[in-house]
Amino acid sequence: MHMSKVMNKEVLIFLHMDDEHPGFIANFLQHANIQFRIIRSYKKETIPPFDNSMLGLVFMGGIMSANDEIGWIKDEIKLISQALEHNVPILGHCLGGQLITKALGETVSRNREAEIGWHDCHRTNPKINDGWLDGIRDPFTMFHWHYESFSVPEDAEPLFSSAHCKNQAYVYGNNVLAMQSHVEMTLPLITDWINSWKDDLTIESASRQSYVQISEDLERKVSELNLVASSLYSRWVSTLTV
């Protein structure tokens with residue numbers, strides 16, 4: 001997609017933590033010559049009212065819950081609801097996926113266990129792909145860091161699942177992708193995360209990996225994750241229109 005096609009519109013990316021960066025989605029949009037603007041709602045940056053300049057909306061993760069009584073969370077959910085009404089493409093990562101879910105009238109609740117680290121996911125229905133995971137082997141490994149999970153709207157299509165969290169991702173309509181996992185990781189981003197939160201990465205269990213486990217062969221794992229991200233983002237970007 002060329003800049004000339006979308007120069008009057010832009011993708012808005014919402015960040016929710018001080019140590020967060022959009023990661024691979026920002027790289028992907030830059031490579032595709034798609035304009036984007038970062039909004040840090042948690043720093044009281046203005047959440048714009050919906051208008052026709054919004055090419056798409058991207059919501060990243062955060063340490064808070066989509067259920068928290070925080071003003072900007074409610075405002076983001078309201079914006080998502082408006083974007084849904086106008087058929088604007090929306091992409092959600094972890095907390096972002098949960099915000100989409102809330103806007104669709106579904107629930108976010110405690111997952112049966114914390115899911116942290118590198119864990120395999122598999123297509124919920126291998127026969128239904130619709131371009132989201134073209135060329136991606138099954139199962140594929142994703143990076144996870146969450147304690148809650150979302151329910152899947154009745155009229156949405158579950159996309160993939162893991163052993164520790166059934167509802168990993170779903171597609172709503174043709175242009176809304178909500179994910180529980182962190183497909184946006186780049187090597188600098190994940191290195192920053194695990195070093196900043198190293199003291200919280202000491203438990204080792206079936207669903208939780210320690211700092212050492214996450215760090216092992218990190219460059220290869222991130223490279224493989226980027227292939228999955230490229231497939232998912234390519235499909236989502238294909239729905240961006242003027």
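The values are calculated or read from the model by the stated rules, or taken from the named source; none is laboratory data. Remember, it's a predicted structure, so these values are computed and weren't measured experimentally. As a convention, Cβ positions derive from the backbone with ideal geometry for all residues, glycine included, and neighbour counts pool all protein chains shown.
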State whether the residues of the range 52-65 include one that is under 23 Å from ASN175 (Cβ atoms), surrounded by fewer than 18 Cβ atoms within 10 Å (Cβ to Cβ) and in contact with a Leu (Cβ under 7 Å, 6 or more places away or on another chain). no
How many residues, within the range 95-125, are farther than 28 Å from GLU85 by Cα, out of contact with any strand residue (DSSP E or B) (no Cβ under 7 Å at 6 or more places or on another chain) and at pLDDT 95 or above? 1
Those residues that are in contact with a strand residue (DSSP E or B) (Cβ under 9 Å, 6 or more places away or on another chain), under 14 Å from ILE25 (Cα atoms) and of a type in the set (A, V, I, L, M, F, W, C), I need them from the range 207-239; list them, please. VAL222, LEU225, LEU227, VAL228, LEU232, TRP236, VAL237
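Restricting to the range 176-202, name every residue that is farther than 21 Å from GLY62 by Cβ and out of contact with any helix residue (DSSP H, G or I) (no Cβ under 7 Å at 6 or more places or on another chain). First the steps, then the outcome.
Taking the range 176-202 first, the residues farther than 21 Å from GLY62 by Cβ are 187, 202.
Answer for the range 176-202, where residues must be farther than 21 Å from GLY62 by Cβ and out of contact with any helix residue (DSSP H, G or I) (no Cβ under 7 Å at 6 or more places or on another chain): just THR202.
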Would you be able to tell me the number of residues in the range 36-51 that are surrounded by 15 or more Cβ atoms within 10 Å (Cβ to Cβ) and within 19 Å of ASN175 (Cα to Cα)? 2
(1) at pLDDT below 95; (2) touching a strand residue (DSSP E or B) at 6+ places or on another chain (Cβ under 7 Å); (3) crowded, with 19+ Cβ neighbours inside 10 Å all hold for PRO89 apart from (1)
When the range 158-175 is checked residue by residue, the ones that are touching a helix residue (DSSP H, G or I) at 6+ places or on another chain (Cβ under 8 Å) and among the hydroxyl-bearing types (Ser, Thr, Tyr) are TYR172
Residues of the range 220-242 satisfying the condition of being closer than 20 Å to SER162 by Cα, aliphatic (A, V, I, L, M) and either surrounded by 15 or more Cβ atoms within 10 Å (Cβ to Cβ) or touching an Asp or Glu at 6+ places or on another chain (Cβ under 6 Å) (or both): VAL222, LEU225, VAL228, ALA229, LEU232
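Looking at the range 160-210, which of its residues are of a type outside the set (Ser, Thr, Tyr), assigned to a loop (DSSP other than H, G, I, E, B) and over 20 Å from ASN111 (Cα atoms)? Before the answer, list the steps.
Keep residues of the range 160-210 that are of a type outside the set (Ser, Thr, Tyr), which gives 160, 163-169, 171, 173-180, 182-185, 187-190, 192-195, 197-201, 203-204, 206, 208-209.
Then drop every residue that is not assigned to a loop (DSSP other than H, G, I, E, B), which leaves 163-168, 173-175, 180, 182-185, 197, 201, 203-204, 206, 209.
Residues satisfying the conditions are GLY173, ASN174, ASN175, GLU184, MET185, TRP197.
For SER181, state whether it is crowded, with 16+ Cβ neighbours inside 10 Å, hydroxyl-bearing (Ser, Thr, Tyr), touching a residue at least 12 places away in the same chain (Cβ under 8 Å) and over 30 Å from LEU79 (Cα atoms).
No.
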Among the residues in the range 147-168, are any in contact (Cβ under 8 Å) with a residue 60 or more places away in the chain, more than 15 Å from LEU91 (Cβ to Cβ) and in contact with a Ser or Thr (Cβ under 9 Å, 6 or more places away or on another chain)? yes
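Could you say which residue among ASP192, ASP138, ASP217 is surrounded by fewer than 18 Cβ atoms within 10 Å (Cβ to Cβ) and within 21 Å of GLY96 (Cα to Cα)?
Numbers: ASP138 fails: within 21 Å of GLY96 (Cα to Cα); ASP217 fails: within 21 Å of GLY96 (Cα to Cα).
Testing whether each residue is surrounded by fewer than 18 Cβ atoms within 10 Å (Cβ to Cβ) and within 21 Å of GLY96 (Cα to Cα) leaves just ASP192.
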For the range 110-135 the number of residues that are within 16 Å of ASN67 (Cα to Cα) and surrounded by 14 or more Cβ atoms within 10 Å (Cβ to Cβ) is 1
